[in-house]
1. Which of the residues spanning the stretch 96-112 are in a strand (DSSP E or B) and charged (D, E, K, R)?
2. Could you tell me whether T46 is without any contact (Cβ under 8 Å) to a residue 12 or more places away in the chain and in contact with a helix residue (DSSP H, G or I) (Cβ under 8 Å, 6 or more places away or on another chain)?
3. Filter the stretch 53-108 down to residues that are of a type in the set (G, A, S) and under 10 Å from the mean Cα position of the chain (by Cα), then give me how many there are.
4. Which of the residues that make up the stretch 75-111 are surrounded by 18 or more Cβ atoms within 10 Å (Cβ to Cβ) and out of contact with any Lys or Arg (no Cβ under 7 Å at 6 or more places or on another chain)?
5. Name the single residue that is modelled with the lowest pLDDT among those in the stretch 1-56 being surrounded by 15 or more Cβ atoms within 10 Å (Cβ to Cβ), of a type in the set (S, T, Y) and in a helix (DSSP H, G or I).
6. Taking the stretch 59-72 as the region of interest, how many residues are surrounded by 12 or more Cβ atoms within 10 Å (Cβ to Cβ) and part of a helix (DSSP H, G or I)?
7. Evaluate the stretch 73-95: report whether one residue or more is modelled with pLDDT of 95 or more, part of a strand (DSSP E or B) and among the acidic types (D, E).
Amino acid sequence: MRARKLTLALAGMLALGSAVALCQSLSVYYRSSQFDQCLKQEIWRTRVAERLKVTLLDKARTYSLPVTEDDIRITSIGAVFRVDVDYKVPINLLVYKPELKFHSIGAGLLRE
(Lines give C-alpha, C1' and ligand atoms only; values in the text may rest on other atoms or scores of the structure.)
Protein backbone atom coordinates (compact mmCIF):
# COMPACT_ATOMS: atom_id res chain seq x y z
CA MET A 1 0.00 0.00 0.00
CA ARG A 2 2.83 2.41 0.85
CA ALA A 3 4.61 1.63 -2.41
CA ARG A 4 1.44 2.40 -4.36
CA LYS A 5 0.99 5.75 -2.58
CA LEU A 6 4.63 6.64 -3.16
CA THR A 7 4.32 5.71 -6.84
CA LEU A 8 1.19 7.83 -7.21
CA ALA A 9 2.85 10.76 -5.44
CA LEU A 10 5.92 10.56 -7.68
CA ALA A 11 3.75 10.24 -10.79
CA GLY A 12 1.79 13.30 -9.71
CA MET A 13 4.95 15.31 -9.12
CA LEU A 14 6.30 14.25 -12.53
CA ALA A 15 3.04 15.22 -14.23
CA LEU A 16 3.05 18.58 -12.45
CA GLY A 17 6.66 19.21 -13.47
CA SER A 18 5.86 18.33 -17.07
CA ALA A 19 2.87 20.68 -17.05
CA VAL A 20 5.01 23.53 -15.71
CA ALA A 21 7.68 22.90 -18.35
CA LEU A 22 5.04 22.82 -21.09
CA CYS A 23 3.48 26.08 -19.89
CA GLN A 24 6.85 27.83 -19.78
CA SER A 25 7.79 26.60 -23.24
CA LEU A 26 4.45 27.54 -24.78
CA SER A 27 4.66 30.99 -23.23
CA VAL A 28 8.12 31.57 -24.71
CA TYR A 29 7.05 30.32 -28.15
CA TYR A 30 3.99 32.58 -28.09
CA ARG A 31 5.99 35.67 -27.10
CA SER A 32 8.59 34.84 -29.74
CA SER A 33 5.96 34.59 -32.46
CA GLN A 34 4.52 37.95 -31.37
CA PHE A 35 8.00 39.49 -31.55
CA ASP A 36 8.48 37.98 -35.02
CA GLN A 37 5.25 39.60 -36.23
CA CYS A 38 6.30 42.95 -34.74
CA LEU A 39 9.67 42.68 -36.48
CA LYS A 40 8.00 42.22 -39.87
CA GLN A 41 5.66 45.18 -39.24
CA GLU A 42 8.38 47.50 -37.94
CA ILE A 43 10.60 46.87 -40.97
CA TRP A 44 8.00 48.53 -43.18
CA ARG A 45 7.36 51.38 -40.71
CA THR A 46 10.90 52.22 -39.62
CA ARG A 47 13.46 52.12 -42.39
CA VAL A 48 16.34 53.74 -40.54
CA ALA A 49 18.75 51.14 -39.11
CA GLU A 50 19.49 52.69 -35.70
CA ARG A 51 15.88 53.63 -35.02
CA LEU A 52 14.81 50.12 -36.04
CA LYS A 53 17.29 48.56 -33.59
CA VAL A 54 15.96 50.68 -30.74
CA THR A 55 12.36 49.82 -31.64
CA LEU A 56 13.13 46.09 -31.80
CA LEU A 57 14.92 46.18 -28.45
CA ASP A 58 11.88 47.90 -26.91
CA LYS A 59 9.52 45.31 -28.41
CA ALA A 60 11.72 42.47 -27.14
CA ARG A 61 11.65 44.00 -23.66
CA THR A 62 7.86 44.28 -23.91
CA TYR A 63 7.64 40.55 -24.67
CA SER A 64 10.22 39.68 -21.98
CA LEU A 65 12.68 38.29 -24.50
CA PRO A 66 16.44 38.56 -23.80
CA VAL A 67 17.38 40.25 -27.09
CA THR A 68 20.49 42.43 -27.00
CA GLU A 69 21.85 44.91 -29.52
CA ASP A 70 24.46 42.34 -30.57
CA ASP A 71 21.68 39.87 -31.47
CA ILE A 72 20.29 42.21 -34.14
CA ARG A 73 22.08 42.30 -37.51
CA ILE A 74 20.97 44.70 -40.22
CA THR A 75 22.53 44.30 -43.66
CA SER A 76 21.75 46.14 -46.86
CA ILE A 77 22.34 45.40 -50.52
CA GLY A 78 21.34 48.24 -52.78
CA ALA A 79 17.90 49.51 -51.79
CA VAL A 80 16.98 46.32 -49.87
CA PHE A 81 17.87 45.74 -46.24
CA ARG A 82 17.58 42.57 -44.19
CA VAL A 83 17.16 42.17 -40.44
CA ASP A 84 18.25 38.99 -38.63
CA VAL A 85 17.63 38.52 -34.93
CA ASP A 86 19.13 35.45 -33.20
CA TYR A 87 18.48 35.00 -29.50
CA LYS A 88 18.19 32.33 -26.82
CA VAL A 89 15.62 32.12 -24.05
CA PRO A 90 16.49 30.03 -20.97
CA ILE A 91 13.78 27.82 -19.47
CA ASN A 92 14.03 27.11 -15.74
CA LEU A 93 13.11 23.47 -15.04
CA LEU A 94 14.78 23.39 -11.61
CA VAL A 95 17.07 20.45 -12.39
CA TYR A 96 17.78 21.22 -16.05
CA LYS A 97 17.92 24.67 -17.69
CA PRO A 98 17.73 24.35 -21.47
CA GLU A 99 17.87 27.32 -23.82
CA LEU A 100 15.39 27.68 -26.65
CA LYS A 101 16.99 29.21 -29.75
CA PHE A 102 15.06 31.55 -32.04
CA HIS A 103 15.79 33.20 -35.38
CA SER A 104 13.60 36.01 -36.68
CA ILE A 105 14.14 37.48 -40.12
CA GLY A 106 12.62 40.21 -42.24
CA ALA A 107 13.43 42.43 -45.21
CA GLY A 108 12.37 45.83 -46.45
CA LEU A 109 13.27 48.74 -48.69
CA LEU A 110 15.52 51.61 -47.63
CA ARG A 111 14.29 55.18 -47.82
CA GLU A 112 16.01 57.33 -50.35
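The values are calculated or read from the model by the stated rules, or taken from the named source; none is laboratory data. What you see is a predicted model, and the numbers here were worked out from it, not measured in a lab. For neighbour counting, all protein chains shown are included, and Cβ atoms are generated from backbone atoms with ideal geometry for every residue, glycine included.
1. Selection gives E99, K101.
2. For T46, the condition - without any contact (Cβ under 8 Å) to a residue 12 or more places away in the chain and in contact with a helix residue (DSSP H, G or I) (Cβ under 8 Å, 6 or more places away or on another chain) - is met.
3. Residues in the stretch 53-108 being of a type in the set (G, A, S) and under 10 Å from the mean Cα position of the chain (by Cα): 3 in total.
4. F81, V83, V85, Y87, V89, F102, S104 - these are the residues of the stretch 75-111 that are surrounded by 18 or more Cβ atoms within 10 Å (Cβ to Cβ) and out of contact with any Lys or Arg (no Cβ under 7 Å at 6 or more places or on another chain).
5. My answer is S25.
6. 4
7. So far as the stretch 73-95 goes, yes, one or more of its residues are modelled with pLDDT of 95 or more, part of a strand (DSSP E or B) and among the acidic types (D, E).
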